[in-house]
1. Shape of the range 4-96 from its Cα gyration tensor (a ≥ b ≥ c, root eigenvalues): rounded if a/c is under 1.5, otherwise prolate when a/b > b/c, or oblate?
2. State to the nearest 20 debye the size of the charge dipole of the range 3-64 about its Cα centre, where the only charges are +1 on K and R beta carbons and -1 on D and E beta carbons.
3. Heads up, I need the accessible area for Lys45: 1.4 angstrom probe, whole protein in place, Å², nearest 10.
4. Report, to the nearest 10°, how far helix 17-30 tilts away from the longest principal axis of the Cα atoms in the chain, using its own Cα long axis and a range of 0 to 90°.
5. For the chain, what number of Lys pairs, 8 or more residues apart or on separate chains, have alpha-carbon atoms under 30 Å from each other?
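The values are calculated or read from the model by the stated rules, or taken from the named source; none is laboratory data. Computed from a predicted model, the values in this text were never measured in an experiment. Here the Cβ positions follow ideal geometry from the backbone for every residue, glycine too, while neighbour counts run over all protein chains shown. SASA here: full protein model, heavy atoms, side chains in, ligands and nucleic acids out. Shrake-Rupley method; radii C 1.70, N 1.55, O 1.52, S 1.80 Å.
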Amino acid sequence: SVPAEKKEDECAFIPSHEQLFRLSKAYYEKHGTWARVFWLTSAQKERVVKHSDNELSYHLRYMYTPIPNNHQLRTDSGYDQRIFWFECDKGWKVRRMGPHMSASFPK
């Protein structure tokens, strides 16, 4: 058997932008303000800020498109930018999503 200390600590590694985008997209489409209304379709700009060993914020500018026949009958698409707050406990996950245009990309 493998000794316990050999087990890789998921929280020791910051996820890639691709992983963060995938997790943020899943959160946005299942739990976010626009769940079942819009799909988060692509990342335009990304920035990661590590706050502690098990907390980070993922600033994301993204494109969104309407889900066909959604319950709000929205047909618009466009872009927004939000902060997705991640925490790690046996793997990284989104804890919450910031409000409309909350992400920042300092020059």
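1. Note, shape of the range 4-96 comes out prolate.
2. Its charge dipole is roughly 380 debye.
3. About 80 Å², ignoring ligands and nucleic acids.
4. Once rounded, the angle reads 50 degrees.
5. Value for the chain: 23.
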